[in-house]
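Nothing in this text is a laboratory measurement; each read-out follows from the coordinates by a stated rule. Quantities reported herein were computed from a predicted structural model and do not represent experimental measurements. Positions of Cβ are generated from backbone atoms using ideal geometry, with glycine treated the same way; all protein chains shown enter the neighbour counts.
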Amino acid sequence: MARINLLPWREELRRLEQRDFLAALSLGLCLTALGMVAVHWAIADRIEYQQQRNRYLSEQIAILDRKIKEIQDLEKQREMLVSRMEIIQQLQISRPEIVHLFDALARTLPEGVHLTKFIQVGDNLEVHGIAQSNARVSAYMRNLEDSPWLEDPRLQIIESKSAAKERQGVFALKFKQEHAKSGDKS
């Protein structure tokens, strides 16, 4: 039995095992490569899907931004219209006030008092006039205070001047115009 040579059989077995190992290694590498390609495709597909969602969201955000801009423009127009309407309403309310003002000036003027100058700046009024006596100026101030359209009379100047036959007083008064309340229709 000493003459049997087992080396070629061992070499053949080693070669077969090496071939099987290389085949298994090649199959493993191919399966790994295929797995990596499949994972890459899956990840690329998910990335593309997310990018589509992001593009859709960006488009919707742009649409909403345009709508918000339109809404803001409409709100500005609305505010302008509301302010115009308020101004028109104030004008409508204050339209009869000048009539009431002149009516109140005429009604409060006692006999013996004549107005020579009338100045209005906003709600502040100033009148200059001539009175037969200081008592007539006092009566005029009381009448102004009692008027629903005039308030807060303040005497600025009163001077006595003698004319040819009679003595007259020159005066200046300041007072304020009272505005009609929203419920007043008079």
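The peptide list 111-122, 140-151, put in order of mean Cβ contacts within 10 Å with the highest first, becomes 140-151, 111-122. For Ser133, the residues 5 or more places off, or on other chains, whose built amide H falls under 5 Å of its own are Gly169. Rounded to the nearest Hz, the phi-derived 3J(HN,Hα) couplings of the stretch 29-40 under the Karplus curve 6.51 cos²θ - 1.76 cosθ + 1.60 (θ = phi - 60°) are 5, 5, 5, 5, 4, 4, x, 5, 5, 5, 5, 4, where x marks glycine and proline. Protection proxy ranking for 55-63, 128-136, using the average of other Cβ atoms within 10 Å per residue and placing the highest first: 128-136, 55-63. Looking at the square roots a ≥ b ≥ c of the eigenvalues of the Cα gyration tensor of the stretch 97-177, which shape do they give, rounded for a/c under 1.5, prolate if a/b is larger than b/c, or oblate? It comes out prolate by the Cα gyration axes.
Sorted largest first, the principal axis extents computed over the alpha-carbon atoms of the stretch 10-95 equal 123, 11, 7 Å. Candidates Ile87, Phe102, Val37 compared by Cα position along the dipole of the stretch 31-123: farthest toward the positive end lies Val37, with charges placed on Cβ. If you count Lys pairs in the chain whose Cα atoms are under 22 Å apart, skipping same-chain pairs closer than 8 places in sequence, the total is 6. Sequence-ordered 3J(HN,Hα) estimates for the stretch 95-107 from the Karplus curve with 6.51, -1.76 and 1.60 and θ = phi - 60° stand at 4, x, 5, 5, 5, 5, 4, 5, 5, 5, 4, 6, 6 Hz, glycine and proline given as x.
For the chain, the relative contact order comes to 15 percent (Cα pairs under 8 Å, sequence separation of at least 6). Placing unit charges on each Cβ (+1 for Lys and Arg, -1 for Asp and Glu) gives the chain a dipole about its Cα centre, and among Leu25, Thr116, Tyr49 the Cα reaching farthest toward its positive end belongs to Leu25. With the cut-off at 1.5 for a/c, could you classify the chain from its C-alpha gyration tensor as rounded, prolate or oblate? Prolate shape, in that a/c is at least 1.5 and a/b is the bigger ratio.
Note on the chain: with charges restricted to the Cβ of Lys and Arg (+1) and Asp and Glu (-1), its dipole about the Cα centre is near 420 debye.
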